[in-house]
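The values are calculated or read from the model by the stated rules, or taken from the named source; none is laboratory data. Only a predicted model underlies this, so the values are computations on that prediction, with no experimental measurement involved. Note that each Cβ is placed from the backbone with ideal geometry, even for glycine, and that neighbours are counted across all protein chains shown.
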Amino acid sequence: MKVLVMYTSRFAYTPQVKNSAQAEDTATAACHENCIVAFIQIEADDEEKDVTSREKKLVNHLKWTLRKNKANKIVLHSFAHLSDSKASFEFTKAIFDEAEKRLQNAGYETVQTPFGYFLDLEIQAPGYSLARIWASL
């Protein structure tokens with residue numbers, strides 16, 4: 001699993017192209033302010049482990065990032081451009097859904113970008129040390 005996390009003062013998206021037949025048809029545009037955006041790629045070898053173990057590893061990293069940036073809101077974004085390896089749609093979506101539940105249970109405001117879509121993105125991100133963090137989990 002690869003993760004690129006950015007603190008953003010503004011993150012907006014508009015769905016443009018549905019790129020998976022499994023994606024829901026109800027994708028809408030949204031804008032979020034003062035939040036962490038996690039660009040996440042679940043890789044094929046992650047499927048050798050169970051969803052819970054991978055989701056827990058991801059959430060621990062995201063909670064650390066949220067604390068370091070003094071943020072309470074996080075946007076989970078599937079971003080299949082951090083590695084050549086991709087897990088299945090179903091496995092990836094399961095990790096996202098479980099991570100969102102765990103983060104919400106911990107008191108964080110959490111949303112997911114429309115899963116299975118290419119999105120137009122608008123990102124305003126300040127430039128300071130922990131505003132951008134990359135990890136291989």
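Here V37 passes the criteria (1) touching an Asp or Glu at 6+ places or on another chain (Cβ under 7 Å); (2) crowded, with 18+ Cβ neighbours inside 10 Å except the one numbered (1). Might you let me know whether region 51-68 holds any residue that is in a loop (DSSP other than H, G, I, E, B) and either under 16 Å from I95 (Cβ atoms) or not β-branched (V, I, T) (or both)? No. Of the residues K70, K86, the single one that is closer than 23 Å to D25 by Cβ and basic (K, R) is K86.
Among the residues making up region 1-38, those that are part of a strand (DSSP E or B) and either touching a helix residue (DSSP H, G or I) at 6+ places or on another chain (Cβ under 9 Å) or within 13 Å of R132 (Cα to Cα) (or both) are V3, L4, V5, M6, Y7, T8, S9, C35, I36, V37, A38. Applying the criterion of being touching a residue at least 60 places away in the same chain (Cβ under 8 Å) and under 19 Å from K101 (Cβ atoms) to the residues of region 55-70, the residue that is surrounded by the most Cβ atoms within 10 Å (Cβ to Cβ) is L58. Once region 40-50 is narrowed to residues that are exposed (fewer than 15 other Cβ atoms within 10 Å of the Cβ) and not in a loop (DSSP other than H, G, I, E, B), the residue that is farthest from the chain's Cα centre (by Cα) is E48. Among the listed residues A80, A87, A27, A12, which satisfies the condition of being surrounded by 15 or more Cβ atoms within 10 Å (Cβ to Cβ) and modelled with pLDDT of 95 or more? A12 is the lone residue from the list that is surrounded by 15 or more Cβ atoms within 10 Å (Cβ to Cβ) and modelled with pLDDT of 95 or more.
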